[in-house]
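Working notes for the structure below.
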Amino acid sequence: VARASGVAYNPATGRIYIASQGSGDLVVVEKDGTVVNQVVTATGVKDAEGKDVSSGALNVALDSVNSLVYVTNRNAGTITVHDADGALVQTLDSGPMPNEGAVRQTIDAGRNPNHVEFDGRGNVYAVNKGGSRDGSTKNDYVQRFSLVAGASPGAAPDSSSAPTSGFTDPGGAAADPT
C-alpha cells in the first residue's frame, strides 16, 4: 500500500477496504491482516505532460446492503465500483481527461472525485473538487448516484436521477438539492 488515503470497515465480515493513492489501487484485507485482493482501479492514466501516473485512488465507501465498495480515483476522474472481494464491477466515468480522446462512459462522475459515501438507502454521494470537467464552473460540488432498485451489483445507476449536481451556497460549499 502506497500512501493509503481512505479506509472503510465492514463490521459484519471484519474486512477492511483501503484506497491507496500512490499505487492507485483498492486493497481488501481480512481482520487478521491477510490480503484478500489488491486491484488497480484504473490504467492508462497520464498527467498533463503525458507521464504515467496512478489512478489516484483517494477514498473508499462501503455499501454493505449491496455488497459493493466505491472508490474515488482523483487522477483518473472516475469512481470505480467493486464487489466485496475487490473485483471491478463498474466504472462511473467523468469523461475524457484534458489529454485524452473520446468519453469512455456517459455517467458524469465529476472532474476530480475526492470523497464518496453510501447512505444505506441506495444513494452514493461524491464530492468533486475543482469544478466541472467542461470548465463551466470552478465550484466544488456534490453529486448523487442512485442505484436501480433490485438491480444486481454491476447494473447501471438510475440515470434519471444520477448524477445530480448540487447548488453552491453563499459560503462556497455545495449540496445536493434533493
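Working note: Karplus 6.51/-1.76/1.60 with θ = phi - 60° gives region 44-54 the couplings x, 7, 10, 7, 4, 8, x, 7, 5, 9, 6 Hz, where Gly and Pro are set to x. Scanning residues 5 or more positions from Gly131 or on other chains, those with amide H under 5 Å from its amide H are Asp140, Tyr141, with H placed 1.01 Å from N in the peptide plane.
Modelled label positions at Thr137 and Leu88, each set 7 Å beyond Cα in the direction of Cβ, lie 2.9 nm from each other. Put simply, the amide H of Gly56, placed in the peptide plane, has neighbours under 5 Å in Gly24, Asn75, leaving out anything fewer than 5 places away on its chain.
Percent of accessible area on region 1-92 owned by carbon and sulfur, 1.4 Å probe? Looking at region 1-92 in its full context, I get 50 percent from C and S. Using θ = phi - 60° in the Karplus curve 6.51 cos²θ - 1.76 cosθ + 1.60, the 3J(HN,Hα) couplings for region 74-91 round to 4, 5, 7, x, 9, 10, 9, 10, 10, 7, 5, 8, x, 5, 5, 10, 7, 10 Hz; x is entered for Gly and Pro.
At an R0 of 30 angstrom, the distance between the Cβ atoms of Arg3 and Asp119 translates into a FRET efficiency of 0.65.
The values are calculated or read from the model by the stated rules, or taken from the named source; none is laboratory data. These figures come from a predicted structure and were not determined experimentally. Glycine also receives a Cβ, built like all others from the backbone with ideal geometry; neighbour counts cover every protein chain displayed. Note: accessible area is taken over every heavy atom of the protein model, side chains too, but ligands, DNA and RNA are not part of it. Shrake-Rupley method; radii C 1.70, N 1.55, O 1.52, S 1.80 Å.
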